[in-house]
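S.K.: Mind having a look at this structure? Questions to follow.
The values are calculated or read from the model by the stated rules, or taken from the named source; none is laboratory data. Predicted model, so just to flag it, every value in this text is computed and none were measured. Counting neighbours? That spans all protein chains shown, and the Cβs are built from the backbone with ideal geometry, glycine included. The protein model used for the area step is the full one, side chains on, heavy atoms only, and it has no ligands, DNA or RNA in it. Shrake-Rupley method; radii C 1.70, N 1.55, O 1.52, S 1.80 Å.
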Amino acid sequence: MTTRTKIKEVLKGAFINQTINVKGWVRTFRNNSFIAINDGSCINNIQAVVNFETTNPETLKRITPGACVGVTGTLVPSQGKGQTVEIIVSEIEIYGDAESDVTKPNSYPLQPKAHSLEFLREIAHLRFRTNTFGAVFRVRHTLAYAIHKFFNDKGFVYLHTPIITSSDAEGAGEMFRVSTLDLKNPPLNEQGDIDYKQDFFGKATNLTVSGQLEGELGAMAFSDVYTFGPTFRAENSNTTRHLAEFWMIEPEMAFFDLNDNMALAEEMLKYVINYALEKNKEDIEFLSQRLIDEEKQKPQTERSELSLLEKLNFCLSNEFAKITYTEAIEILKESNHNKKKKFQYLIEGWGADLQSEHERYLVEKHFKKPVILTDYPKDIKAFYMRQNDDGKTVRAMDILFPGIGEIIGGSQREERLEKLETRMAEMHIPAEDLNWYLDTRRFGACPHSGFGLGFERLVLFVTGMTNIRDVIAFPRTPNNCEF
Ligand code: 4AD
Ligand code: MG
């Protein structure tokens with residue numbers, strides 16, 4: 001028996017005139033002769049040519065889109081256009097059929113034609129078998145690998161922070177409760193509130209919104225750590241940028257100030273984007289072409305100036321702009337966009353939280369490149385950020401990307417115990433719950449910084465997809481938890 005070769009290897013051409021075996025799923029079957037097989041190892045299919053005169057007609061009938069087949073035969077240079085090599089099949093095995101008669105129940109929904117992304121989202125369990133999603137999820141894999149490689153090569157320790165926690169790191173209260181209490185009949189305490197002392201962990205717990213606080217503990221021992229795990233937010237934002245379950249990368253570095261933090265974030269983003277461009281060239285070229293075709297449907301004025309490939313390269317070759325929040329507010333306030341009331345939320349003055357429309361204006365219209373905004377008002381940021389001497393702002397940084405808005409949020413941390421305690425009291429964060437966290441400030445505290453990269457937002461940027469539901473395998477959003 002010939003051992004199986006993955007199609008990616010076959011297409012490199014080294015096996016010419018040899019007998020090989022490939023296995024995969026049928027994309028199309030033309031003229032009772034030409035099977036396009038894809039095994040997910042790359043965007044391209046291999047063409048396998050069967051002889052319909054010598055092949056069992058019953059077998060031929062079973063070669064339908066979606067069916068799983070294995071073919072053995074000789075690899076030869078291809079006569080036809082569209083491929084350089086093809087397999088002249090001597091033996092075919094059908095592993096699994098797929099009903100292609102759409103009038104029958106349970107027929108294979110991915111017949112060879114263009115499907116809308118919305119339709120494919122409804123059949124997310126099958127969409128990996130399309131060119132677009134094959135490319136997206138291979139790129140996603142590469143980006144995840146590149147992130148681990150980047151930090152590993154720099155000597156960071158990968159810390160697995162907990163998924164179940166009792167803290168609300170971001171203080172936004174957007175948490176999914178974790179409980180084994182009887183919802184219909186929960187135990188109550190003397191005040192008439194739910195008595196979480198009787199719950200599984202003996203206290204109220206939730207799914208984590210961030211691994212940062214635990215990450216900081218790691219940084220106070222290993223110097224440099226990062227987390228890369230699932231993160232949960234029960235925010236009811238039904239947007240193309242928010243998920244209820246997403247993946248976040250959170251590095252935390254001892255002895256880093258905000259400038260070091262910004263430099264590391266920029267270096268990391270450029271490193272992983274470049275890595276994907278190198279390793280997934282064909283996938284990204286495919287995605288870039290897909291967008292060019294899509295753009296052609298739009299009126300000239302709405303088309304984007306840069307293709308996906310140009311956008312990625314542009315991001316690699318330009319230094320990110322760095323401005324303070326205060327400077328950003330000035331730019332936004334004075335912008336024609338604001339004056340002509342084109343923003344949904346008009347910028348009246350200092351202190352306003354920036355909406356995604358403002359972030360995108362700065363990046364796409366004003367600077368035309370990624371922007372790092374620093375030193376936000378303390379009242380719109382989390383308790384742990386280092387307070388500036390002005391008493392008004394904190395050492396925060398948000399990195400804003402074209403088409404995305406905020407891709408990274410981070411800060412230098414408040415390492416001074418007293419200042420941190422005062423801020424927590426002001427924000428009504430009970431110190432007794434975070435005693436363990438405050439220990440980092442009691443025992444050998446040092447200046448340190450970190451940030452959180454939303455992994456799906458990075459994948460959105462690199463693949464050029466526009467809806468975050470299309471870059472995570474099985475999206476969780478309000479009213480949607482299929483598969
Ligand atoms: O800005 P955020 O809330 O920052 C933190 O959680 C910090 N603890 C990070 C740190 O300093 N260690 O979230 C970080 C990033 C955002 O910039 C965004 O890219 C992503 O996480 N993000 C989401 N991505 C998808 N869906 C959501 N609901 C997201 N919320 C945040
Ligand atoms: Mg943020």
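S.K.: Being surrounded by 19 or more Cβ atoms within 10 Å (Cβ to Cβ) and more than 30 Å from PHE314 (Cβ to Cβ) is true for just one of LEU400, LEU434, LEU438, LEU417. Which residue is that?
M.R.: Numbers: LEU400 fails: more than 30 Å from PHE314 (Cβ to Cβ); LEU438 fails: surrounded by 19 or more Cβ atoms within 10 Å (Cβ to Cβ); LEU417 fails: surrounded by 19 or more Cβ atoms within 10 Å (Cβ to Cβ).
Matching residue, one of LEU400, LEU434, LEU438, LEU417: LEU434.
S.K.: How about region 441-461: which of its residues are open to solvent by 10 Å² or more (accessible area, probe 1.4 Å) and either farther than 30 Å from LEU417 by Cα or assigned to a helix (DSSP H, G or I) (or both)?
M.R.: Result: ARG441, ARG442, ARG457.
Conditions (1) under 31 Å from the mean Cα position of the chain (by Cα); (2) farther than 24 Å from PHE246 by Cβ; (3) not assigned by TED's automatic domain parsing to the domain that holds LYS322, marked per residue:
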| residue | (1), (2), (3) |
| --- | --- |
| MET385 | yes, no, no |
| LYS392 | no, yes, no |
| ASP398 | yes, no, no |
| GLY405 | yes, no, no |
| GLU415 | yes, yes, no |
| LYS419 | no, yes, no |
| ALA425 | no, yes, no |
| ASN435 | no, yes, no |
| LEU438 | no, yes, no |
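S.K.: Out of (1) under 25 Å from VAL363 (Cβ atoms); (2) more than 9 Å from ligand 1 (Cβ to nearest atom), what's the single condition that is false for ASP390?
M.R.: (1)
S.K.: I'd like to know if region 181-201 contains one or more residues that are under 26 Å from PRO430 (Cα atoms), in contact (Cβ under 8 Å) with a residue 24 or more places away in the chain and not polar (S, T, N, Q).
M.R.: We begin by selecting, within region 181-201, every residue under 26 Å from PRO430 (Cα atoms); these are 181, 186-201.
Cutting the leftovers down to in contact (Cβ under 8 Å) with a residue 24 or more places away in the chain gives us 201.
Then keep just the ones that are not polar (S, T, N, Q); that gives 201.
Among the residues of region 181-201, at least one is under 26 Å from PRO430 (Cα atoms), in contact (Cβ under 8 Å) with a residue 24 or more places away in the chain and not polar (S, T, N, Q), which makes the answer yes.
S.K.: Which residue out of ASN261, ASN238 is outside any helix (DSSP H, G or I), in the same structural domain as PHE455 (by TED's automatic domain parsing) and either within 14 Å of ligand 1 (Cβ to nearest atom) or loosely packed, with under 15 Cβ neighbours inside 10 Å (or both)? Steps first, answer last, please.
M.R.: Numbers: ASN261 fails: outside any helix (DSSP H, G or I).
Testing whether each residue is outside any helix (DSSP H, G or I), in the same structural domain as PHE455 (by TED's automatic domain parsing) and either within 14 Å of ligand 1 (Cβ to nearest atom) or loosely packed, with under 15 Cβ neighbours inside 10 Å (or both) leaves just ASN238.
S.K.: For region 283-298, check the following and say yes or no: at least one residue is in contact with a strand residue (DSSP E or B) (Cβ under 8 Å, 6 or more places away or on another chain) and open to solvent by 10 Å² or more (accessible area, probe 1.4 Å).
M.R.: Going through region 283-298, the residues in contact with a strand residue (DSSP E or B) (Cβ under 8 Å, 6 or more places away or on another chain) turn out to be none.
Within region 283-298, none of the residues are in contact with a strand residue (DSSP E or B) (Cβ under 8 Å, 6 or more places away or on another chain) and open to solvent by 10 Å² or more (accessible area, probe 1.4 Å).
S.K.: Under the condition of being more than 10 Å from ligand 1 (Cβ to nearest atom) and in a helix (DSSP H, G or I), which residue from region 462-483 is surrounded by the fewest Cβ atoms within 10 Å (Cβ to Cβ)?
M.R.: Across region 462-483, the extreme among qualifying residues is ARG469.
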